[in-house]
1. Once the dipole of the stretch 125-199 is set up with Lys and Arg at +1 and Asp and Glu at -1 on Cβ about the Cα centre, which of Leu199, Asn154, Leu184 lies farthest towards its positive end?
2. Tell me, what ³J(HN,Hα) does each residue in the stretch 181-187 have, in order and in whole Hz, if you take phi through Karplus 6.51 cos²θ - 1.76 cosθ + 1.60 with θ = phi - 60° and put x for Gly and Pro?
3. If you place +1 on the Cβ of every Lys and Arg, -1 on the Cβ of every Asp and Glu, and leave all else neutral, what size is the dipole of the stretch 122-249 about its Cα centre, to the nearest 20 Debye?
4. Leaving ligands, DNA and RNA out of it, work out the accessible area of Val189 with a 1.4 Å probe and give it in Å² to the nearest 10.
5. Return the sequence-ordered ³J(HN,Hα) values of the stretch 190-198 in whole Hz as given by the Karplus equation 6.51 cos²θ - 1.76 cosθ + 1.60 applied to θ = phi - 60°, using x for Gly and Pro.
6. What does the net charge come to around Glu70 if you take all other residues with beta carbon closer than 11 Å to its beta carbon, with K and R at +1 and D and E at -1?
7. Just grab the label-to-label distance for Glu155 and Leu48, each label 7 Å out from Cα along the Cβ direction, in nm (one decimal).
8. Would you kindly calculate the mean projected area, averaged across all directions, of the convex hull enclosing the Cα atoms of the stretch 130-249, in square nanometres?
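The values are calculated or read from the model by the stated rules, or taken from the named source; none is laboratory data. Keep in mind that what you see is a predicted model, and the values were worked out from it rather than measured. FYI the Cβ positions are ideal-geometry reconstructions off the backbone, even for glycines, and counts take in every protein chain you see. Ligands, DNA and RNA are excluded from the accessible area calculation, which covers all protein heavy atoms including side chains. Shrake-Rupley method; radii C 1.70, N 1.55, O 1.52, S 1.80 Å.
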Amino acid sequence: MRRARLLLLDAEIALQEAENNLRLAQADLRTRFRLDVTEARQLLAQFLSVRPPGLIAKSVSSVNAVQAIELQVRQSVHDIEAIDAELWPVLNLNIDSTLFDLGDFESEYEILGRLSLRMPLYDGGSNKARLSEASWRLRELGQDKRRQLQDLENELADLAQQHDDALSLITDLLMRRTSIDERLESLLVLSESADVPRLTIAEAILDRRSAAERLLNTRATLEIIRINNLHLNDELSPTMNMTVGGGTC
């Protein structure tokens, strides 16, 4: 009897925790996304109907966050070239020519021109300082780009590992659920002709519910992994055919 009460208490605690988590999730949907339960289910159904069956893989250099840094790198290179060009001499040449003068009735070929040269001699170190600052920024952007690429590659590799682990766990849980179902069915059949303790049947039922709950949570985790994979690859909004926020670059 004491064991049965403990099992019942565990079931009541689990039910209470599930109800609390449900209320928190509903409040979070309203606060963060302004969605009710019906709208959230519709959005989930839309995602499940269009999302790829597996993880997508593409070059991380094409991700918006990396391309934004690449644009800044190009701008810094242009700035360096422009600052460096300020030290070059500027040569201006204006030419005016006369091939024939009607007043003199004589063939005449005349070329007039003006040549000017301008070259900065001293700017107080301003050019050198700006060039040094632009070069430093270029190095920083290069490091940011390498770091961004490495972080993305690590996150995608981690998601791939989580994806494989979740699929493996789902396979194990399906096998376990089948085993539990067979055991429960066997106990129910046996109870018709023999004295099977109700506690044993209740434990088998709780085991089946626990396995089903774990299977459901693992499948939900697998979908979250797929969402994160699409998000990191800038493919979530195109997949869902919607616009979320502004562009990165």
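1. Most positive-ward Cα: Asn154.
2. 4, 5, 5, 5, 4, 5, 5
3. 540 debye
4. 90 Å²
5. For the stretch 190-198, the Karplus-derived couplings read 5, 5, 6, 10, 9, 8, 9, x, 4 Hz, x marking Gly and Pro.
6. Charge balance near Glu70 sits at +1.
7. 2.7 nm
8. Projected area, direction-averaged: 11.8 nm².
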